[in-house]
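Each value in this text was obtained by applying a stated rule to the coordinates, not by laboratory testing. Fair warning: this is a prediction, and the values are worked out from it, not measured in the lab. Heads up, the Cβs are rebuilt from the backbone with ideal geometry, glycines too, and the neighbour counts pull from every protein chain shown.
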Amino acid sequence: MIRRLFLCAAAAALLTLSATAFGQGKTVKVYVLPGENQASKDVASTVSGKIGSTLRYALTTDLVSAEITVEILCLTSTERGVAYGIFGVYYPVGYKHLSRTLITDIVTGSNEFVAQALFNDFVRESSDEELSEAEDSLKSKTLNTGWRVIRLAMTKAKPNSANLQNLLRRKTNC
């Protein structure tokens, strides 16, 4: 009896932990930029509404604070409907001077179909895994560039500890 009660309590605790851990990724600030024509503004408004209705994303009107910018453009009318393009860029919080393209896609169809397809692309390409991979890629590029700068400076300057310390200090403050 006690053993069964313990197992039930352990199972309930596990379910609670897994339920609270799911979906606990950080909230990502998104800035949506529509094209200049009305068709772009209509679809961008629909996509913005879908993005804003999630717990994962927070829409922002401040371009500087955005971690992801999404541009939605009406490209042309086709026999199958209207063609829209989406272009999304990720600016990690710790690496605002660097960015990585997340989404480039063209979708044709009715406005409702296009808005849903663009939203689905956005969600898929901005998952925690994709953003983490993009951030890791930017970190490695930053570190590699930093070491190249240090090596170049060391070959041009007399290698002494003061020069190296100054270079390292400047690099770690970036």
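In table form, for the structure just shown:
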{"read-out": "Segment SER127-SER53, length gained on full extension (0.36 nm per residue, minus Cα span)", "value": "25.0 nm"}
{"read-out": "Length released on extending from ALA83 to LYS41, taking residue separation times 0.36 nm less the Cα-Cα span", "value": "13.8 nm"}
{"read-out": "Estimated FRET transfer efficiency (VAL64, GLN116; beta-carbon r; R0 25 Å; 0.05)", "value": "0.25"}
{"read-out": "Three-way shape label, segment 24-126, alpha-carbon gyration tensor, a/c 1.5", "value": "prolate"}
{"read-out": "Per-peptide average of other Cβ atoms within 10 Å, ordering 53-66, 111-124 highest first", "value": "111-124, 53-66"}
{"read-out": "For TYR90, TYR31, order by how many other beta-carbon atoms lie within 10 Å, fewest first", "value": "TYR31, TYR90"}
{"read-out": "Projected label distance in nm at ILE106 and LEU75, using a 7 Å step from Cα toward the beta-carbon", "value": "0.3 nm"}
